[in-house]
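Novice: Input: one structure, supplied below.
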Amino acid sequence: MDSECLSLLPAVCLVLVDPKQSPPDDTSLEKLLDWFKALHSQSNGQVLLQHQPCLLEFISSVCTSKSTDPAILSFTLKLTGLLAATTQGFHWLDEGGLLACVLEREAWGVCDLWEDASVRSGWLQGLLNMLKHQQALDFMCGNGLIKVILQLQNDRSLFVACLANQLLVHILNFLTSSNMANGSDVVGSRESSLRPDCVLVSSEIMNAVVEALSSEDHPQVLQGLRLLSLVLSQCGEPIRSTLWKDVLVPLEVLVNRGSESLIQTLITVLEAAARQSEHKVEELLEAMLGDGNRKECFQCAALIVKLEKCPEVLKRKAMDIIMLPLQCVSTQPQAEKEINVVLKEQLSQKASCISLLMQSLSSLAQLTHTKYLFEDVSIHSITSSVVLLLRMCSGHCPSSLLHINTFTHLIGCCKVQRCGLDTLSALSVHEENLDLRKDIFGVLLDYLQSPDSHATVLKKTFQAVKSWIVCSPLPDLLQFISHDLFPVLEKRMCDLRWEVRDSTLEFITQLTAALNDNSGFTEALLTSGMVSILLSSLADAEGYVRASAVAAVGEAVTASFHQTVLVSNSKLLEEALVQMMAILSQDTEGFPRRAVVQTFTSWLKGSHLVTALESSLSSVLSLGGNDFDWEVKMHTLELEEVLMEKTLTCCPYAVQNFGSSEETRFTQALIKFIDFGLFDLLFNSLFDCDRPVCEKACALLVKLRTLTAETADLDPSVLVLNVCGNRWWDEVQRRYLNKQQAKVSVCVTNGVTGSDDRTDCGLHCINDISLPEVLLILDLDDMQRMLTLSSDHVVNSPRSLMDDILSAAQQSEENIVDCY
């Protein structure tokens, strides 16, 4: 393929450099460049260098042309950098002055092209590609390119500015690595450890960062902070420490100025510095918090508590600031003294009030998830505040409310409700909250019962209920589940909104799965009338709901079989199987059918339901394998894989009455597969129109082929597949005939007739064939190799790309002739 493409390269270069031709789209040029990169990496640039006359002429023509297209120039800049990434390629381009012609924009035929952002980004990318050796850096320094890169750091194009920052960081890293390669010991050292030439370059970049941070121009300050953040995160010593020492003064000025638009970027810088334990970073973080009387201090505090490396004293101070909005609106008396003017103003405005509370709640939730130790902070108090806030959102106004305006902002506010419920879920892990369970379940039940609850709020409420039930002693909650929760769930499963019905069924599924080993819960579930409603939900008008109902019924069946003392499990399974098979064979939507096959897979993975499912597996495999939805077919193959593993690991129902030898058990297992129709499914899937289905089937057949090959005493005569009327046999037959055509021709020429050999009379008369024979006929290894290729690998190949470029050029010429 590469040799064919290389033969087309001269013609493609002529088309690209021709100003009369419309340039290919950016995607095609990037794909062409990707091919150059692949060739370059495979041969360390040798293959491209062998074609240097063609590429040399192309690069020279593009740069000196008076009518070069910006896209072609950008492509050329990147290609030149790629070619110059090796010392041999660099010398080849530098000897004739071509490198300077390409990378110094004053030498271009059209200087106005620099105004195009794609050209500037191509120039930067070219330098990035080239900077792999010392000669490249010397060239950049000697030709004043560092100054141009620093100018582009403040480019009006954000993409160009970000690329300039990346290049500057790459240069600094290159300086560090080249310094170490020359034997300098940089451990714990400063700038003095760098070689003199390295010091000049690094000083130029560092001085530019200091200048940017000291500027009054906001975009320039922002880009300086972004570069500083990258250096602190990605560069090593002595560069990182030296730059940090230089920027401390302007950084302190920016922190004390408290510009709201710079808060996020400043925090990113300080977070990177905190990870490296840089000098004075703690003082800067504390300065950002200030006295808690600035608008941006709440945003700072929310970010500080998320820092991985942060002093506990500082984190506690940030925690106090974060807690203040929640304490104020939840009427805690101690908060009244601490409230400041700025906070009062923000809480009185709807937008800022909601934003502050969401920051406070989300920070608490995140700290809980990271197992933060709430020292000097009462978890009990926090949880009480969250519960009270949720009550306020549903319209319950405490008599001691500090800010009446805040209450009106919160009524029915879905954002705060969802955030509060997330926080309440996270707080369930703390044992200190056990005595608050009555209040917590009370407010959650109110939300579930309220007709005003939004569908998304109900979903969050279900998640919170599950978290608190799972984290609480279950015997104490069975009364609540049976008499309070289940009746509400029954009503919600009849809700007019399908999203609510769906969320309810998902909740039942998750709760049943979490408590399936608890006999008390299972008995409550099966005797509460919930199961009949679950079964009726299988006929819901909405496909998503039917799919969730299938999963819920599946978990209920699993739970019933875990508790073998319950006599209703067989009846429940029987009813479930009838309805699920109806869904799999008749439902017009894919989601419920997928859910049915997934449920069978889940059942089969357990040890209780294997025997009970045996009579249904053949039908499930047949229906799922012939489904028109490719995901249903994939799930069916996953079910088949589990069935294979269960059977081949000597599952009781598969090996009963088998012989003692492993070969006998393996043969009997394969016979069982034939009875299930497993091989028909595999071979049909092998030639399916959907590639993922083919891949999965091929992988399973390769596994089976390996097992059959390793079994010495396998009797092929008992492993016979009936191929008459099977659609996969046509494909197998075609492949078989292709291999045997020569042998058949020889037999006919020699006058061999009446033989019993299948190859003599062709394969059209065959009604059955042994499994090992089919596995040997098929070239599964080649099929697996082809299937790993992307479906558009031919269309997107370099050869196809070049053909398209040449074809487009030819059509353009023909159109010109037609015009005349």
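Novice: Residues being modelled with pLDDT of 95 or more, farther than 15 Å from residue 700 by Cα and surrounded by fewer than 21 Cβ atoms within 10 Å (Cβ to Cβ): count how many of those fall in the stretch 631-673.
Specialist: 1
Novice: Which ones in the stretch 233-264 are at positive phi and open to solvent by 30 Å² or more (accessible area, probe 1.4 Å)?
Specialist: none
Novice: With the checklist (1) farther than 18 Å from residue 507 by Cα; (2) open to solvent by 10 Å² or more (accessible area, probe 1.4 Å) in hand, flag the one item residue 529 doesn't pass.
Specialist: Evaluating residue 529 over (1) farther than 18 Å from residue 507 by Cα; (2) open to solvent by 10 Å² or more (accessible area, probe 1.4 Å) leaves (1) as the failure.
Novice: A further question on this structure: Please go through the stretch 587-601 and pick out each residue that is part of a helix (DSSP H, G or I) and crowded, with 18+ Cβ neighbours inside 10 Å.
Specialist: Of everything in the stretch 587-601, those that are part of a helix (DSSP H, G or I) and crowded, with 18+ Cβ neighbours inside 10 Å turn out to be 591, 592, 593, 594, 595, 596, 597, 598, 599, 600, 601.
Novice: Return the pairs, sorted by first residue and then second, in which the second residue is open to solvent by less than 10 Å² (accessible area, probe 1.4 Å) and not in a helix (DSSP H, G or I), the first residue lies in the stretch 140-158 and is aliphatic (A, V, I, L, M), the beta carbons are less than 8 Å apart, and the residues are 6+ apart or on different chains.
Specialist: Pairs that qualify, where the first residue is aliphatic (A, V, I, L, M) and the partner is open to solvent by less than 10 Å² (accessible area, probe 1.4 Å) and not in a helix (DSSP H, G or I), are 140/131.
Novice: Please go through the stretch 668-692 and give me each residue that is in contact with a Gly (Cβ under 9 Å, 6 or more places away or on another chain) and either β-branched (Val, Ile, Thr) or part of a helix (DSSP H, G or I) (or both), ordered by number.
Specialist: 668, 680, 681, 682, 684, 685
Novice: Taking the condition touching a helix residue (DSSP H, G or I) at 6+ places or on another chain (Cβ under 8 Å), modelled with pLDDT under 85, open to solvent by 30 Å² or more (accessible area, probe 1.4 Å) and farther than 25 Å from residue 313 by Cβ, does residue 397 pass?
Specialist: It is true that residue 397 is touching a helix residue (DSSP H, G or I) at 6+ places or on another chain (Cβ under 8 Å), modelled with pLDDT under 85, open to solvent by 30 Å² or more (accessible area, probe 1.4 Å) and farther than 25 Å from residue 313 by Cβ.
Novice: Okay, next question. Out of 532, 548, which single residue is over 34 Å from the mean Cα position of the chain (by Cα) and under 20 Å from residue 580 (Cα atoms)?
Specialist: Sole residue among the options that is over 34 Å from the mean Cα position of the chain (by Cα) and under 20 Å from residue 580 (Cα atoms): 532.
Novice: So, in the stretch 288-305, of the ones that are surrounded by fewer than 16 Cβ atoms within 10 Å (Cβ to Cβ) and in contact with a helix residue (DSSP H, G or I) (Cβ under 7 Å, 6 or more places away or on another chain), which residue ends up modelled with the highest pLDDT?
Specialist: Across the stretch 288-305, the extreme among qualifying residues is 290.
Novice: Say whether the condition of being surrounded by fewer than 17 Cβ atoms within 10 Å (Cβ to Cβ), modelled with pLDDT of 80 or more and in contact with a helix residue (DSSP H, G or I) (Cβ under 9 Å, 6 or more places away or on another chain) is met by at least one residue in the stretch 357-372.
Specialist: yes
Novice: Within the stretch 242-263, is there a residue that is at pLDDT below 80 and assigned to a helix (DSSP H, G or I)?
Specialist: Checked the stretch 242-263: at least one residue is at pLDDT below 80 and assigned to a helix (DSSP H, G or I).
Novice: Quick one: which helices (runs of 4 or more DSSP H) sit completely within the stretch 95-153 and have at least 1 residues that are in contact with a Phe, Trp or Tyr (Cβ under 9 Å, 6 or more places away or on another chain) and open to solvent by 50 Å² or more (accessible area, probe 1.4 Å)?
Specialist: Here the list reads 134-142.
Quick grid of which residues meet (1) more than 18 Å from residue 525 (Cβ to Cβ); (2) part of a helix (DSSP H, G or I); (3) small (Gly, Ala, Ser); (4) open to solvent by 40 Å² or more (accessible area, probe 1.4 Å):
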| residue | (1), (2), (3), (4) |
| --- | --- |
| 435 | yes, yes, no, yes |
| 438 | yes, yes, no, yes |
| 443 | yes, yes, no, no |
| 446 | yes, yes, no, yes |
| 451 | yes, no, no, yes |
| 460 | yes, yes, no, yes |
| 472 | no, no, yes, no |
| 481 | no, yes, no, no |
| 486 | no, yes, no, no |
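The values are calculated or read from the model by the stated rules, or taken from the named source; none is laboratory data. Not measured: the values here are computed from a predicted model. Using ideal geometry, Cβ is built from the backbone for each residue, glycine included, and neighbour counts are taken over all protein chains shown. To get the accessible areas, we keep the full protein, side chains included, count just its heavy atoms, and leave off ligands, DNA and RNA. Shrake-Rupley method; radii C 1.70, N 1.55, O 1.52, S 1.80 Å.
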